[in-house]
Amino acid sequence: MTADATDRAPAAARLGAETAPRLAALVTAAPGRPRQTSACPFDGSPVGEVPTCTAEDVRTAQHRARAAQRDWAGRPLAERRRVVLRFGDLVVRHRERLMDVLQVETGKARISAFEEVADVAMTARYTARAAAAHLRPSRRRGAVPGLTRPLVHHRPKGLVGVISPWDTPMTLAVSDALPALVAGNGVVLKPDAQTPFSALAVVELLYEAGLPRELFPVVTGRGTVLGPPLIDGVDHLTFTGSTATGRTVAERCARRLIGCSAELGGKNPMLVLADADLGRAVEGAVRGCFSNAGQLCMHVERIYVEDAVHDRFVPALADRVRRIRLGPGFGWDVEMGSLANQQQLDVVTRHVEDAVARGARVLAGGRARPDLGPLFHEPTLVEGVTGDMLLAREETFGPVAGVTRVRDAAEAVARANESAYGLNASVWSTPRRGAAVAAALRAGTVNVNEGYAAAWASHDAPMGGMGDSGLGRRHGREGTLAYTEAQTVAVQRGLPLGPLPGMPLDRYARVMTLALRALRRVPTA
(Lines give C-alpha, C1' and ligand atoms only; values in the text may rest on other atoms or scores of the structure.)
Protein backbone atom coordinates (compact mmCIF):
# COMPACT_ATOMS: atom_id res chain seq x y z
CA MET A 1 0.00 0.00 0.00
CA THR A 2 1.35 3.45 -0.82
CA ALA A 3 0.67 6.85 0.66
CA ASP A 4 -0.49 9.74 -1.48
CA ALA A 5 2.31 11.14 -3.62
CA THR A 6 0.54 14.17 -5.12
CA ASP A 7 2.32 17.41 -5.98
CA ARG A 8 3.92 19.09 -2.98
CA ALA A 9 6.53 21.68 -2.05
CA PRO A 10 10.18 20.58 -1.90
CA ALA A 11 10.56 18.44 1.19
CA ALA A 12 13.61 20.32 2.43
CA ALA A 13 11.51 23.49 2.67
CA ARG A 14 10.02 21.93 5.81
CA LEU A 15 13.06 23.19 7.76
CA GLY A 16 12.74 26.83 6.77
CA ALA A 17 15.46 29.04 5.35
CA GLU A 18 17.41 29.67 8.57
CA THR A 19 17.85 26.16 10.01
CA ALA A 20 20.66 24.86 7.81
CA PRO A 21 22.84 28.01 8.00
CA ARG A 22 22.39 28.19 11.79
CA LEU A 23 23.47 24.58 12.26
CA ALA A 24 26.31 24.81 9.73
CA ALA A 25 27.80 27.65 11.76
CA LEU A 26 28.47 25.16 14.58
CA VAL A 27 31.07 23.26 12.51
CA THR A 28 34.74 23.75 13.42
CA ALA A 29 36.21 24.91 10.12
CA ALA A 30 38.56 27.64 8.97
CA PRO A 31 36.90 30.47 7.00
CA GLY A 32 36.61 29.96 3.27
CA ARG A 33 36.42 26.16 3.25
CA PRO A 34 34.54 24.70 0.25
CA ARG A 35 30.95 23.73 0.98
CA GLN A 36 29.19 20.41 0.51
CA THR A 37 25.45 20.11 -0.03
CA SER A 38 23.17 17.40 1.33
CA ALA A 39 19.89 16.46 -0.36
CA CYS A 40 16.56 15.14 0.87
CA PRO A 41 15.96 11.50 -0.16
CA PHE A 42 12.22 12.14 -0.59
CA ASP A 43 12.69 14.29 -3.70
CA GLY A 44 16.32 15.33 -4.04
CA SER A 45 15.69 18.90 -2.84
CA PRO A 46 18.78 20.54 -1.28
CA VAL A 47 18.84 20.59 2.52
CA GLY A 48 21.77 22.95 3.00
CA GLU A 49 25.53 23.35 2.94
CA VAL A 50 28.22 22.60 5.52
CA PRO A 51 31.98 23.20 5.31
CA THR A 52 34.22 20.54 3.82
CA CYS A 53 36.70 20.28 6.69
CA THR A 54 40.36 19.40 6.37
CA ALA A 55 42.93 17.61 8.53
CA GLU A 56 43.92 21.05 9.84
CA ASP A 57 40.36 21.62 11.05
CA VAL A 58 40.39 18.24 12.81
CA ARG A 59 43.59 19.13 14.64
CA THR A 60 42.14 22.52 15.62
CA ALA A 61 39.04 20.80 17.01
CA GLN A 62 41.18 18.32 18.93
CA HIS A 63 43.36 21.07 20.43
CA ARG A 64 40.33 23.03 21.62
CA ALA A 65 38.61 19.95 23.01
CA ARG A 66 41.70 18.87 24.94
CA ALA A 67 42.03 22.30 26.50
CA ALA A 68 38.35 22.32 27.50
CA GLN A 69 38.50 18.74 28.79
CA ARG A 70 40.90 19.58 31.57
CA ASP A 71 38.41 22.00 33.10
CA TRP A 72 35.44 19.73 32.41
CA ALA A 73 37.04 16.71 34.12
CA GLY A 74 37.67 18.87 37.19
CA ARG A 75 34.00 19.75 37.57
CA PRO A 76 31.89 17.69 39.99
CA LEU A 77 30.16 14.68 38.46
CA ALA A 78 26.83 16.11 39.62
CA GLU A 79 27.38 19.16 37.41
CA ARG A 80 28.21 17.05 34.37
CA ARG A 81 25.12 14.92 35.00
CA ARG A 82 22.88 17.99 35.19
CA VAL A 83 24.00 19.11 31.73
CA VAL A 84 23.07 15.71 30.26
CA LEU A 85 19.71 15.70 32.07
CA ARG A 86 18.88 19.18 30.73
CA PHE A 87 19.82 17.99 27.26
CA GLY A 88 17.34 15.10 27.52
CA ASP A 89 14.60 17.52 28.51
CA LEU A 90 15.41 19.79 25.57
CA VAL A 91 15.23 16.85 23.16
CA VAL A 92 11.70 16.06 24.34
CA ARG A 93 10.68 19.74 24.16
CA HIS A 94 11.99 20.15 20.60
CA ARG A 95 11.03 16.68 19.34
CA GLU A 96 8.91 17.93 16.40
CA ARG A 97 11.74 20.07 15.06
CA LEU A 98 14.22 17.23 15.46
CA MET A 99 11.92 14.79 13.67
CA ASP A 100 11.65 17.23 10.77
CA VAL A 101 15.43 17.42 10.43
CA LEU A 102 15.74 13.64 10.58
CA GLN A 103 13.10 13.04 7.94
CA VAL A 104 14.44 15.68 5.59
CA GLU A 105 17.98 14.27 5.74
CA THR A 106 17.27 10.52 5.85
CA GLY A 107 13.87 10.05 4.19
CA LYS A 108 12.57 7.92 7.05
CA ALA A 109 8.92 7.77 8.08
CA ARG A 110 7.61 9.97 10.91
CA ILE A 111 7.26 7.02 13.28
CA SER A 112 10.89 6.01 12.70
CA ALA A 113 12.01 9.59 13.30
CA PHE A 114 10.02 9.71 16.52
CA GLU A 115 11.57 6.46 17.75
CA GLU A 116 15.04 7.83 17.12
CA VAL A 117 14.38 11.11 18.92
CA ALA A 118 12.83 9.22 21.84
CA ASP A 119 15.92 7.02 22.01
CA VAL A 120 18.16 10.09 22.28
CA ALA A 121 16.11 11.36 25.24
CA MET A 122 16.13 7.93 26.91
CA THR A 123 19.88 7.60 26.45
CA ALA A 124 20.47 11.01 28.01
CA ARG A 125 18.34 10.26 31.04
CA TYR A 126 19.83 6.82 31.60
CA THR A 127 23.40 8.07 31.21
CA ALA A 128 22.92 10.92 33.67
CA ARG A 129 21.09 8.88 36.28
CA ALA A 130 23.40 5.85 36.16
CA ALA A 131 26.68 7.76 35.99
CA ALA A 132 27.23 8.00 39.75
CA ALA A 133 26.89 4.24 40.23
CA HIS A 134 29.09 3.47 37.23
CA LEU A 135 31.87 5.92 38.04
CA ARG A 136 32.12 5.86 41.82
CA PRO A 137 35.36 4.38 43.21
CA SER A 138 35.06 0.75 44.28
CA ARG A 139 36.91 -1.14 47.02
CA ARG A 140 38.56 -4.45 46.13
CA ARG A 141 40.10 -7.24 48.18
CA GLY A 142 43.65 -6.47 49.22
CA ALA A 143 46.76 -8.63 49.40
CA VAL A 144 46.53 -8.82 53.20
CA PRO A 145 42.97 -8.56 54.59
CA GLY A 146 42.67 -5.58 56.90
CA LEU A 147 46.08 -4.18 56.01
CA THR A 148 45.99 -3.68 52.24
CA ARG A 149 43.15 -1.45 50.97
CA PRO A 150 42.93 -1.07 47.16
CA LEU A 151 40.51 1.46 45.70
CA VAL A 152 39.71 1.45 41.96
CA HIS A 153 39.04 4.84 40.34
CA HIS A 154 37.72 5.47 36.83
CA ARG A 155 39.68 8.29 35.20
CA PRO A 156 38.59 9.82 31.87
CA LYS A 157 40.53 8.72 28.80
CA GLY A 158 40.97 12.36 27.76
CA LEU A 159 39.74 12.88 24.19
CA VAL A 160 37.31 10.55 22.40
CA GLY A 161 36.64 10.50 18.66
CA VAL A 162 33.18 9.52 17.40
CA ILE A 163 32.52 8.63 13.75
CA SER A 164 28.76 8.28 13.34
CA PRO A 165 26.70 6.85 10.43
CA TRP A 166 23.76 8.08 8.35
CA ASP A 167 21.10 5.50 9.26
CA THR A 168 20.39 6.79 12.80
CA PRO A 169 22.38 10.02 12.68
CA MET A 170 20.98 11.60 15.86
CA THR A 171 21.09 8.55 18.10
CA LEU A 172 24.60 7.52 17.10
CA ALA A 173 25.96 11.06 17.23
CA VAL A 174 25.29 11.08 20.99
CA SER A 175 24.71 7.50 22.24
CA ASP A 176 28.45 7.12 22.71
CA ALA A 177 29.32 10.78 23.21
CA LEU A 178 27.05 11.21 26.26
CA PRO A 179 28.71 8.56 28.46
CA ALA A 180 32.11 9.78 27.30
CA LEU A 181 31.21 13.34 28.28
CA VAL A 182 29.67 12.48 31.64
CA ALA A 183 32.82 10.47 32.47
CA GLY A 184 34.86 13.67 32.01
CA ASN A 185 36.15 13.37 28.45
CA GLY A 186 36.15 15.74 25.54
CA VAL A 187 34.66 14.48 22.26
CA VAL A 188 35.29 15.29 18.58
CA LEU A 189 32.40 14.20 16.35
CA LYS A 190 32.65 13.38 12.66
CA PRO A 191 29.11 12.71 11.39
CA ASP A 192 28.45 11.00 8.09
CA ALA A 193 28.75 13.39 5.15
CA GLN A 194 25.18 12.60 4.10
CA THR A 195 23.52 13.58 7.39
CA PRO A 196 25.46 16.42 9.07
CA PHE A 197 22.41 18.46 10.05
CA SER A 198 20.81 15.66 12.09
CA ALA A 199 23.95 15.41 14.19
CA LEU A 200 24.34 19.17 14.46
CA ALA A 201 20.73 19.57 15.60
CA VAL A 202 21.32 17.46 18.73
CA VAL A 203 24.76 18.95 19.36
CA GLU A 204 23.14 22.40 19.31
CA LEU A 205 20.82 21.29 22.11
CA LEU A 206 23.79 20.00 24.12
CA TYR A 207 25.35 23.45 23.89
CA GLU A 208 22.04 24.97 24.97
CA ALA A 209 21.99 22.59 27.94
CA GLY A 210 25.28 24.06 29.16
CA LEU A 211 27.97 21.91 27.53
CA PRO A 212 31.02 24.01 26.60
CA ARG A 213 31.10 24.29 22.82
CA GLU A 214 34.88 23.73 22.71
CA LEU A 215 34.44 20.42 24.57
CA PHE A 216 32.37 18.81 21.80
CA PRO A 217 33.39 20.18 18.38
CA VAL A 218 32.02 18.84 15.11
CA VAL A 219 33.92 18.42 11.85
CA THR A 220 32.16 17.65 8.57
CA GLY A 221 33.45 16.08 5.38
CA ARG A 222 34.57 12.80 3.89
CA GLY A 223 35.63 10.00 6.20
CA THR A 224 38.65 9.13 4.05
CA VAL A 225 40.00 12.65 4.61
CA LEU A 226 39.02 13.29 8.22
CA GLY A 227 39.20 9.78 9.67
CA PRO A 228 42.99 9.32 9.79
CA PRO A 229 43.81 12.64 11.55
CA LEU A 230 40.86 12.11 13.89
CA ILE A 231 42.18 8.69 14.96
CA ASP A 232 45.73 9.99 15.22
CA GLY A 233 44.77 12.70 17.71
CA VAL A 234 42.39 11.00 20.18
CA ASP A 235 42.72 8.59 23.10
CA HIS A 236 39.77 6.36 22.14
CA LEU A 237 37.78 5.98 18.93
CA THR A 238 34.16 4.90 18.50
CA PHE A 239 33.03 3.92 15.00
CA THR A 240 29.72 2.71 13.60
CA GLY A 241 29.67 1.53 10.01
CA SER A 242 30.65 -1.28 7.69
CA THR A 243 32.85 -4.19 8.69
CA ALA A 244 35.36 -3.40 5.92
CA THR A 245 35.86 0.18 7.13
CA GLY A 246 35.80 -1.01 10.73
CA ARG A 247 38.82 -3.21 10.10
CA THR A 248 40.76 -0.24 8.71
CA VAL A 249 39.77 1.92 11.69
CA ALA A 250 40.72 -0.80 14.19
CA GLU A 251 44.11 -1.35 12.52
CA ARG A 252 44.98 2.34 12.76
CA CYS A 253 43.86 2.46 16.41
CA ALA A 254 45.96 -0.64 17.15
CA ARG A 255 49.08 1.00 15.75
CA ARG A 256 48.60 3.81 18.28
CA LEU A 257 47.63 1.39 21.10
CA ILE A 258 44.38 3.26 21.77
CA GLY A 259 41.02 1.72 22.49
CA CYS A 260 38.48 1.20 19.72
CA SER A 261 34.76 0.49 19.96
CA ALA A 262 33.14 -0.56 16.71
CA GLU A 263 29.61 -1.59 15.87
CA LEU A 264 29.77 -3.06 12.39
CA GLY A 265 27.67 -5.09 9.95
CA GLY A 266 25.02 -7.70 10.58
CA LYS A 267 22.92 -10.33 8.86
CA ASN A 268 20.48 -10.73 11.70
CA PRO A 269 18.25 -13.83 11.98
CA MET A 270 14.72 -14.26 13.28
CA LEU A 271 13.56 -17.72 14.45
CA VAL A 272 9.82 -18.48 14.48
CA LEU A 273 9.28 -21.68 16.44
CA ALA A 274 6.24 -23.95 16.54
CA ASP A 275 4.97 -22.60 19.85
CA ALA A 276 5.16 -18.92 18.83
CA ASP A 277 2.17 -16.57 18.91
CA LEU A 278 1.98 -16.21 15.13
CA GLY A 279 -0.05 -12.99 15.11
CA ARG A 280 2.53 -11.28 17.32
CA ALA A 281 5.36 -12.82 15.31
CA VAL A 282 3.98 -11.40 12.03
CA GLU A 283 3.82 -7.88 13.46
CA GLY A 284 7.22 -8.36 15.07
CA ALA A 285 8.70 -9.38 11.73
CA VAL A 286 7.26 -6.29 10.05
CA ARG A 287 8.86 -4.04 12.66
CA GLY A 288 12.07 -6.05 12.81
CA CYS A 289 12.58 -6.17 9.05
CA PHE A 290 11.11 -2.93 7.72
CA SER A 291 11.40 -0.22 10.39
CA ASN A 292 13.53 2.62 9.06
CA ALA A 293 13.21 0.98 5.62
CA GLY A 294 15.39 -1.87 6.86
CA GLN A 295 18.31 0.50 7.44
CA LEU A 296 19.12 -0.38 11.04
CA CYS A 297 22.18 -2.26 12.25
CA MET A 298 19.98 -4.61 14.31
CA HIS A 299 17.17 -5.20 11.82
CA VAL A 300 16.23 -8.70 10.62
CA GLU A 301 17.28 -9.96 7.16
CA ARG A 302 16.87 -13.75 7.59
CA ILE A 303 13.73 -15.49 8.87
CA TYR A 304 13.75 -19.20 9.76
CA VAL A 305 10.32 -20.72 10.34
CA GLU A 306 9.73 -24.12 11.91
CA ASP A 307 7.96 -26.53 9.57
CA ALA A 308 4.92 -26.99 11.81
CA VAL A 309 3.87 -23.34 11.45
CA HIS A 310 5.51 -22.35 8.17
CA ASP A 311 2.38 -22.63 6.02
CA ARG A 312 0.38 -20.41 8.38
CA PHE A 313 3.04 -17.85 9.23
CA VAL A 314 4.54 -17.11 5.79
CA PRO A 315 1.28 -16.29 3.92
CA ALA A 316 0.16 -14.11 6.83
CA LEU A 317 3.48 -12.26 6.81
CA ALA A 318 3.43 -11.82 3.03
CA ASP A 319 -0.07 -10.36 3.22
CA ARG A 320 0.96 -7.93 5.96
CA VAL A 321 4.08 -6.85 4.05
CA ARG A 322 1.94 -6.03 1.00
CA ARG A 323 -0.17 -3.76 3.22
CA ILE A 324 2.72 -1.73 4.65
CA ARG A 325 1.97 1.93 3.94
CA LEU A 326 4.88 3.25 1.87
CA GLY A 327 5.46 6.84 0.87
CA PRO A 328 7.07 10.25 1.41
CA GLY A 329 5.89 12.97 3.72
CA PHE A 330 5.72 14.10 7.31
CA GLY A 331 2.40 12.59 8.39
CA TRP A 332 1.77 9.71 10.76
CA ASP A 333 -0.09 7.65 8.15
CA VAL A 334 3.15 6.33 6.56
CA GLU A 335 4.77 3.17 7.97
CA MET A 336 7.89 3.09 5.79
CA GLY A 337 9.75 5.86 4.03
CA SER A 338 12.53 6.10 1.49
CA LEU A 339 15.94 4.57 1.35
CA ALA A 340 18.57 7.11 2.30
CA ASN A 341 20.85 7.11 -0.74
CA GLN A 342 21.37 5.74 -4.22
CA GLN A 343 24.01 3.27 -3.08
CA GLN A 344 21.52 1.50 -0.81
CA LEU A 345 18.86 1.41 -3.51
CA ASP A 346 21.42 -0.15 -5.86
CA VAL A 347 22.36 -2.81 -3.27
CA VAL A 348 18.73 -3.69 -2.59
CA THR A 349 17.94 -3.92 -6.30
CA ARG A 350 21.02 -6.05 -7.00
CA HIS A 351 20.31 -8.47 -4.14
CA VAL A 352 16.67 -8.99 -5.15
CA GLU A 353 17.51 -9.42 -8.84
CA ASP A 354 20.32 -11.87 -8.04
CA ALA A 355 18.05 -13.94 -5.80
CA VAL A 356 15.29 -14.14 -8.43
CA ALA A 357 17.79 -15.02 -11.16
CA ARG A 358 19.03 -17.92 -9.02
CA GLY A 359 15.57 -19.32 -8.35
CA ALA A 360 14.14 -17.42 -5.37
CA ARG A 361 10.51 -16.31 -5.42
CA VAL A 362 9.24 -12.88 -4.41
CA LEU A 363 6.25 -13.18 -2.08
CA ALA A 364 5.69 -9.46 -1.58
CA GLY A 365 7.16 -6.27 -3.02
CA GLY A 366 10.30 -6.64 -5.10
CA ARG A 367 10.30 -3.36 -7.05
CA ALA A 368 11.78 0.12 -6.86
CA ARG A 369 9.10 2.84 -6.73
CA PRO A 370 10.33 5.93 -8.58
CA ASP A 371 6.73 7.13 -8.75
CA LEU A 372 6.96 7.89 -5.03
CA GLY A 373 10.46 9.34 -5.04
CA PRO A 374 13.93 8.67 -6.46
CA LEU A 375 15.01 6.27 -3.69
CA PHE A 376 11.89 4.30 -2.78
CA HIS A 377 11.76 0.51 -2.83
CA GLU A 378 8.89 -1.70 -1.79
CA PRO A 379 9.18 -3.76 1.38
CA THR A 380 10.12 -7.17 0.01
CA LEU A 381 9.77 -10.75 1.22
CA VAL A 382 11.58 -13.54 -0.64
CA GLU A 383 11.49 -17.32 -0.20
CA GLY A 384 13.80 -20.01 -1.55
CA VAL A 385 17.00 -18.19 -0.63
CA THR A 386 20.06 -20.42 -1.07
CA GLY A 387 23.65 -20.05 0.06
CA ASP A 388 24.94 -18.98 -3.36
CA MET A 389 22.76 -15.84 -3.41
CA LEU A 390 23.95 -12.37 -2.39
CA LEU A 391 20.83 -12.12 -0.24
CA ALA A 392 22.08 -15.04 1.86
CA ARG A 393 25.70 -13.96 2.30
CA GLU A 394 25.93 -10.17 2.29
CA GLU A 395 24.32 -7.50 4.42
CA THR A 396 21.56 -5.86 2.39
CA PHE A 397 20.73 -3.02 4.79
CA GLY A 398 17.40 -2.37 3.17
CA PRO A 399 13.74 -3.46 3.20
CA VAL A 400 14.32 -7.06 2.12
CA ALA A 401 14.04 -10.29 4.12
CA GLY A 402 14.43 -13.92 3.06
CA VAL A 403 12.22 -16.56 4.66
CA THR A 404 13.30 -20.23 4.96
CA ARG A 405 11.51 -23.37 6.17
CA VAL A 406 13.42 -25.44 8.77
CA ARG A 407 12.64 -28.81 10.35
CA ASP A 408 12.96 -27.80 13.98
CA ALA A 409 14.55 -25.39 16.44
CA ALA A 410 17.93 -27.13 16.20
CA GLU A 411 18.12 -26.51 12.45
CA ALA A 412 16.95 -22.91 12.94
CA VAL A 413 19.79 -22.28 15.40
CA ALA A 414 22.34 -23.95 13.13
CA ARG A 415 21.24 -21.87 10.13
CA ALA A 416 21.19 -18.68 12.20
CA ASN A 417 24.77 -19.28 13.33
CA GLU A 418 26.12 -19.87 9.81
CA SER A 419 26.87 -16.17 9.32
CA ALA A 420 30.22 -14.57 10.13
CA TYR A 421 28.22 -11.73 11.67
CA GLY A 422 26.83 -11.85 15.20
CA LEU A 423 25.10 -8.58 16.06
CA ASN A 424 21.44 -9.30 16.85
CA ALA A 425 18.93 -12.15 16.74
CA SER A 426 15.22 -12.59 17.42
CA VAL A 427 13.43 -15.68 18.76
CA TRP A 428 9.66 -16.15 18.80
CA SER A 429 8.47 -18.83 21.20
CA THR A 430 7.33 -19.12 24.81
CA PRO A 431 9.47 -16.91 27.09
CA ARG A 432 11.17 -19.88 28.77
CA ARG A 433 11.92 -21.80 25.59
CA GLY A 434 12.89 -18.62 23.76
CA ALA A 435 15.46 -17.78 26.43
CA ALA A 436 16.88 -21.32 26.25
CA VAL A 437 17.21 -21.12 22.45
CA ALA A 438 18.80 -17.66 22.75
CA ALA A 439 21.67 -19.16 24.73
CA ALA A 440 22.68 -21.19 21.68
CA LEU A 441 22.79 -18.21 19.30
CA ARG A 442 26.03 -16.45 18.46
CA ALA A 443 24.90 -12.83 18.76
CA GLY A 444 25.67 -9.93 21.05
CA THR A 445 21.97 -9.31 21.67
CA VAL A 446 19.04 -11.71 21.40
CA ASN A 447 15.43 -10.55 21.64
CA VAL A 448 12.74 -13.00 22.67
CA ASN A 449 9.32 -12.10 21.22
CA GLU A 450 10.65 -8.81 19.86
CA GLY A 451 12.71 -7.96 16.80
CA TYR A 452 15.42 -5.67 18.15
CA ALA A 453 13.92 -2.94 20.33
CA ALA A 454 13.81 -4.88 23.62
CA ALA A 455 17.60 -5.18 23.69
CA TRP A 456 18.43 -1.82 22.12
CA ALA A 457 16.09 0.22 24.34
CA SER A 458 17.27 -1.52 27.53
CA HIS A 459 19.98 1.08 28.05
CA ASP A 460 21.24 -0.52 31.25
CA ALA A 461 22.28 -3.65 29.29
CA PRO A 462 25.35 -3.74 27.01
CA MET A 463 24.83 -3.83 23.25
CA GLY A 464 27.38 -4.88 20.64
CA GLY A 465 28.42 -7.60 18.22
CA MET A 466 30.30 -10.87 18.05
CA GLY A 467 32.46 -12.01 15.16
CA ASP A 468 32.51 -9.64 12.19
CA SER A 469 29.90 -7.41 13.85
CA GLY A 470 32.36 -5.46 15.92
CA LEU A 471 34.39 -4.74 19.04
CA GLY A 472 33.31 -3.57 22.47
CA ARG A 473 29.90 -2.61 23.81
CA ARG A 474 27.77 0.51 24.06
CA HIS A 475 25.06 1.12 26.70
CA GLY A 476 25.10 0.07 30.34
CA ARG A 477 28.04 0.10 32.71
CA GLU A 478 30.25 -1.34 29.98
CA GLY A 479 29.40 1.54 27.65
CA THR A 480 30.39 4.15 30.22
CA LEU A 481 33.56 2.51 31.52
CA ALA A 482 34.82 2.09 27.94
CA TYR A 483 35.70 5.80 28.09
CA THR A 484 37.69 5.54 31.31
CA GLU A 485 41.00 4.16 32.49
CA ALA A 486 40.87 2.05 35.65
CA GLN A 487 43.39 3.28 38.20
CA THR A 488 44.11 1.21 41.30
CA VAL A 489 45.31 3.08 44.38
CA ALA A 490 46.42 0.56 47.03
CA VAL A 491 47.16 1.79 50.56
CA GLN A 492 49.24 -0.46 52.80
CA ARG A 493 48.71 -0.10 56.55
CA GLY A 494 50.85 -1.46 59.40
CA LEU A 495 53.16 -4.23 58.30
CA PRO A 496 54.91 -4.01 54.92
CA LEU A 497 54.42 -6.60 52.18
CA GLY A 498 57.91 -7.94 52.68
CA PRO A 499 60.39 -8.91 55.40
CA LEU A 500 60.61 -6.71 58.49
CA PRO A 501 63.92 -4.87 58.85
CA GLY A 502 66.57 -7.34 60.05
CA MET A 503 64.32 -10.38 59.62
CA PRO A 504 66.14 -13.40 58.09
CA LEU A 505 64.74 -14.12 54.66
CA ASP A 506 64.27 -17.86 55.32
CA ARG A 507 62.22 -17.06 58.41
CA TYR A 508 60.13 -14.60 56.40
CA ALA A 509 59.45 -17.34 53.84
CA ARG A 510 58.36 -19.79 56.60
CA VAL A 511 56.02 -17.21 58.15
CA MET A 512 54.51 -16.40 54.76
CA THR A 513 53.98 -20.11 54.05
CA LEU A 514 52.05 -20.49 57.30
CA ALA A 515 50.04 -17.39 56.39
CA LEU A 516 49.21 -18.77 52.95
CA ARG A 517 47.91 -21.98 54.53
CA ALA A 518 45.83 -20.03 57.03
CA LEU A 519 44.42 -17.68 54.39
CA ARG A 520 43.19 -20.67 52.37
CA ARG A 521 40.42 -21.00 54.96
CA VAL A 522 39.40 -17.32 54.57
CA PRO A 523 36.68 -17.11 51.87
CA THR A 524 37.65 -13.64 50.67
CA ALA A 525 41.43 -14.20 50.54
Using the 4.7 Å Cβ rule, please list in number order the cysteines from the chain without any candidate partner.
CYS40, CYS53, CYS289, CYS297
FRET efficiency, 1/(1 + (r/R0)^6) with R0 41 Å, evaluated for ARG82 and ARG59 via beta carbons
0.85
From the mean inverse distance of alpha carbon pairs (Kirkwood) and the Cα radius of gyration, derive Rg over Rh for the range 260-318.
1.05
Nearest-0.05 FRET efficiency for ALA13 and VAL92, computed from C-beta distance (R0 22 Å):
0.30
Modelling each spin label as a point 7 Å along the Cα-to-Cβ direction, I'd like the ARG393/ALA244 distance in nm, to one decimal.
1.4 nm
Expected sort for 372-382, 115-125, 239-249, 31-41 on mean C-beta neighbours within 10 Å, highest first, is 372-382, 115-125, 239-249, 31-41
Could you give the size of the charge dipole of the range 422-518 about its Cα centre, using +1 on the Cβ of each K and R and -1 on the Cβ of each D and E, expressed in debye and rounded to the nearest 20?
420 debye
Within the range 431-462, which residues have the backbone N less than 15 Å from the label spot 7 Å out from ASP408 along Cα→beta-carbon, could you tell me?
437
Using the alpha carbons of the range 286-351, what is the convex hull volume per residue in cubic angstrom, as a whole number?
110 Å³
Once both labels are modelled 7 Å past Cα along the beta-carbon direction, what's the LEU505-SER458 spacing in nm?
5.5 nm
Dimensionless Rg over Rh [the range 342-465; C-alpha; Kirkwood]:
1.00
The answer for trypsin sites (Lys or Arg not before Pro) in the range 448-513 that fall in a DSSP coil and have at most 12 neighbouring Cβ atoms within 10 Å is ARG493
Could you work out Rg/(2.2 N^0.38 Å) for the chain, with Rg from alpha carbons only?
1.09
With N residues in the range 38-184, what two-decimal value do you get for its Cα radius of gyration over 2.2 N^0.38 Å?
1.34
Two-site FRET efficiency, ALA435 against ARG312, from Cβ-Cβ distance with R₀ of 25 Å, rounded to 0.05:
0.55
By how many degrees, between 0 and 90 and to the nearest 10, does the Cα long axis of helix 223-232 differ from the longest principal axis of the chain?
10 degrees
Full extension between ARG361 and LEU495 adds, at 0.36 nm per residue less the Cα distance, a length in nm of 40.5 nm
Taking all pairs of different Cα atoms in the range 1-100, averaging 1/r and flipping that mean, what Kirkwood radius in angstroms comes out?
17.1 Å
Taking a probe of 1.4 Å, how large is the accessible area per residue of the range 391-525, in Å²?
53 Å²
Gyration tensor on Cα atoms of the range 353-414, a ≥ b ≥ c root eigenvalues, a/c under 1.5 rounded, else prolate if a/b beats b/c, else oblate, says prolate
Mind checking the dipole of the range 435-484: about its Cα centre, +1 per Lys or Arg Cβ, -1 per Asp or Glu Cβ, Debye to the nearest 20?
100 debye
Which whole-number value in Å² is the accessible area per residue of the range 228-320, probe 1.4 Å?
32 Å²
How much of the accessible area of the chain, probe 1.4 Å, is carbon plus sulfur, in whole percent?
54 percent
Estimated distance in nm for a label pair at ARG140 and ARG213, the labels positioned 7 Å out from Cα along Cα-to-Cβ:
4.2 nm
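The values are calculated or read from the model by the stated rules, or taken from the named source; none is laboratory data. Quantities reported herein were computed from a predicted structural model and do not represent experimental measurements. Every residue, glycine among them, receives a Cβ derived from its backbone with ideal geometry; neighbour counts consider all protein chains shown. All accessible areas refer to the heavy atoms of the entire protein, side chains included, with ligands and DNA or RNA removed. Shrake-Rupley method; radii C 1.70, N 1.55, O 1.52, S 1.80 Å.
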